[in-house]
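Here's the structure we're looking at; comments come further down.
The values are calculated or read from the model by the stated rules, or taken from the named source; none is laboratory data. Bear in mind that the values here come from a model prediction, so they are computed numbers and not experimental data. Quick reminder, even Gly has a Cβ in these numbers, built from the backbone with ideal geometry, and neighbours come from all protein chains shown.
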Amino acid sequence: MSDPLNPEQLRSLTPLNVLSEQQWRELRSQLVPQPLLTGQLLFRRGDQARLTYYLLAGELSLVDQEGRQQRIGAGSDLSCHPLSPSLPRLHEVRALSDSSVLVLDSATLDRLVTWRLAYQDLLLDLGQEHDELEWLERLLDNPLFAKVPPSNVRAMLARLQRIELAAGSTVLREGESGDCCYFLYSGRAEVMRGADSDQQILAELEVGACFGEEALLADRPRNATVTLLEDGVVLRLDRQDFFALLKAPVVNEVSLGEAARLLSDGGQWLDVRLQEEYECGHALQSLHMPLQLLRLKARLLDKARTYLCYCDSGKRSASAVFLLSQLGFSACSLRNGLDALPAVQRASLLCERGSGYLARSGGRTERSR
C-alpha cells in the first residue's frame, strides 16, 4: 500500500488546503492514493456514494449524459477540485492511463472543512482579545469541539473561571462526583488512577487539554485523579455551561422553490464557500463572502435584505445563517446544500463566470469575472 500523502501534496487540493495539520492527521487513514489502471471505471453516471474523489496522477475521461467527453490530467486546475461532485454523479469517469486517485468520506471532509472555516472567523475575532492565541488554537483542536458551533464556544470562553494553582495541587480526584470540567491553560498535569502501591500514571496532559468531561457525559464519579506537576493555570467550566456548549443552534432552512420566492421579494444569494469553489460555479447575482471572513465583512451586507446562504452540503451555510442572525441580519440556508439538488436544478442555478459579486476590503463589492 502507498504511503499517506504529505502536507505539500494536500495543499493544492480544494477545500482540503484549508484544513489544519491536526485535521489532516484525523484523515490520515484515508489519505492514501488508490491505483486506477488504464480503462478502469472509477464511478458511473448516477452513482450516489458519499465519497469525494481527487485525481493525483495520470489522466481521466469524464463523459456526461450527452456523450460529451472531458479529459482531466493530473496537475491541471481541474484536478485540484473534486471530480464530478454532484450527487447523483453527472459523469462516468474512467482512467485514460494508469492513474491514482484520492478517495475520501464526504461527510467527514465536510465536517472538518466547516469546522475549520467557522473557527477561523472566531480566532480572528478573539485574537484581538486573547494574548495566548496559540493556546486557543490548541483548545479548539480538541475533539470535544468537533461539532460545536463557534457561537457556543464564544459564549463558553466568557464563562470560564481562571484558577491559578501551585505544583502538586490536585485539580480533581478519582471517585468524586463531577460538577465541572477543566481546560489546562498553562503548566503540566498528570493523570493517575488507583491509590498507594496500585497507583498508575495514565497520561501527561498538554496545554489546551480538556479533562473531567467524562464524568459529566456519563454522569458517573471521576475515574482518575489529575495533579499539577508544576505551577499552572486551569480554566473551570460548570456542568450547566458544559451542556449548553454542546447544544446545537436551530437554523432556518428553505428549499430551492422557497428560495426563488424570497429572491423575487428582494433576497440575494450569499455564497459562503472558498473563492476557488465559487469560481467553479455560483448562483446568478450571488455575493461571495466566505464563511471564515463573514463576521469581518458582514458590514457590507444590507439588513433590509434576506440573504440565502448556500454551500455544497449545507453545513457551512448553516453556520453562516446562525452567525448572521446573531448580527441582526435576516438569513436562511439552502436545505442540504447544492449537492442535494437534482442535476437539472443544479445546472440551472450555477454559472461559471460573471453575474456575481465579490466582497472586497474597504467596504466595497465588485462584479466577479
Subject >> Candidates V63, V101, filtered to the one that is modelled with pLDDT of 95 or more, surrounded by 20 or more Cβ atoms within 10 Å (Cβ to Cβ) and either of a type in the set (D, E, K, R) or at negative phi (or both) >> reply: V101
Original post:
Wholly within the stretch 1-110, which strands (runs of 3 or more DSSP E) include no fewer than the required count, namely at least 3 residues that are without any contact (Cβ under 8 Å) to a residue 40 or more places away in the chain and either in contact with a helix residue (DSSP H, G or I) (Cβ under 6 Å, 6 or more places away or on another chain) or outside the structural domain of L144 (by TED's automatic domain parsing) (or both)?
Top reply: 59-63, 69-73
Subject >> Residue tally, condition in a helix (DSSP H, G or I), farther than 13 Å from L237 by Cβ and of a type outside the set (D, E, K, R), over the stretch 135-177 >> reply: 6
**OP:** Among the residues of the stretch 258-295, write down those that are assigned to a helix (DSSP H, G or I) and either touching an Asp or Glu at 6+ places or on another chain (Cβ under 8 Å) or of a type in the set (F, W, Y) (or both).
**Re:** E277, Y278, E279, L291, Q292, L293, L294, R295
Subject >> Check on L217, under 26 Å from the mean Cα position of the chain (by Cα), of a type in the set (A, V, I, L, M, F, W, C) and surrounded by fewer than 18 Cβ atoms within 10 Å (Cβ to Cβ) >> reply: yes
Subject >> Residue that is surrounded by the fewest Cβ atoms within 10 Å (Cβ to Cβ) [pool: residues in the stretch 264-279 that are under 15 Å from L324 (Cα atoms) and hydrophobic (A, V, I, L, M, F, W, C)] >> reply: W269
**OP:** Evaluate the stretch 332-343: report whether one residue or more is surrounded by fewer than 17 Cβ atoms within 10 Å (Cβ to Cβ) and either part of a loop (DSSP other than H, G, I, E, B) or free of Cβ contacts under 8 Å to residues at least 12 places away in the same chain (or both).
**Re:** yes
Original post:
For V250, which of the numbered conditions (1) surrounded by fewer than 18 Cβ atoms within 10 Å (Cβ to Cβ); (2) in a helix (DSSP H, G or I); (3) at pLDDT below 90 fails to hold?
Top reply: (2)
